[in-house]
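The values are calculated or read from the model by the stated rules, or taken from the named source; none is laboratory data. Note that this is a predicted model, so its numbers are computed, not measured. Ideal geometry is used to build each Cβ from the backbone, glycine not excepted, and the neighbour counts take in all protein chains shown.
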């Protein structure tokens with residue numbers, strides 16, 4: 001499994017490490033802090049290629065980009 005500084009490969013797509021960590025943290029907050037309401041879980045932050053050469057990824061949620069050398 002390939003890994004980078006900002007993304008990890010699940011085998012079927014690249015996921016943003018930062019957004020995934022933020023999602024996990026938000027799910028663990030008590031309901032009182034979230035306003036007592038059930039929140040809809042956020043969609044996974046799958047990265048997309050910045051161009052057809054597939055040399056760099058970008059996160060659609062936070063906008064972070066990183067060049068991929070051994071994808």
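Structure notes:
Let's see how each residue does on (1) in a loop (DSSP other than H, G, I, E, B); (2) modelled with pLDDT of 85 or more; (3) in contact with a strand residue (DSSP E or B) (Cβ under 8 Å, 6 or more places away or on another chain):
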position	(1), (2), (3)
1	yes, no, yes
5	yes, yes, yes
8	no, yes, yes
12	yes, yes, no
19	no, yes, no
25	no, no, no
30	yes, no, no
35	yes, no, no
39	yes, no, no
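- Subset tally (residues that are under 18 Å from residue 5 (Cα atoms) and modelled with pLDDT under 75) for region 41-71: 2
- Scanning region 51-70 for residues that are within 13 Å of the chain's Cα centre (by Cα), surrounded by 10 or more Cβ atoms within 10 Å (Cβ to Cβ) and assigned to a loop (DSSP other than H, G, I, E, B) turns up 59, 60, 61, 62, 64.
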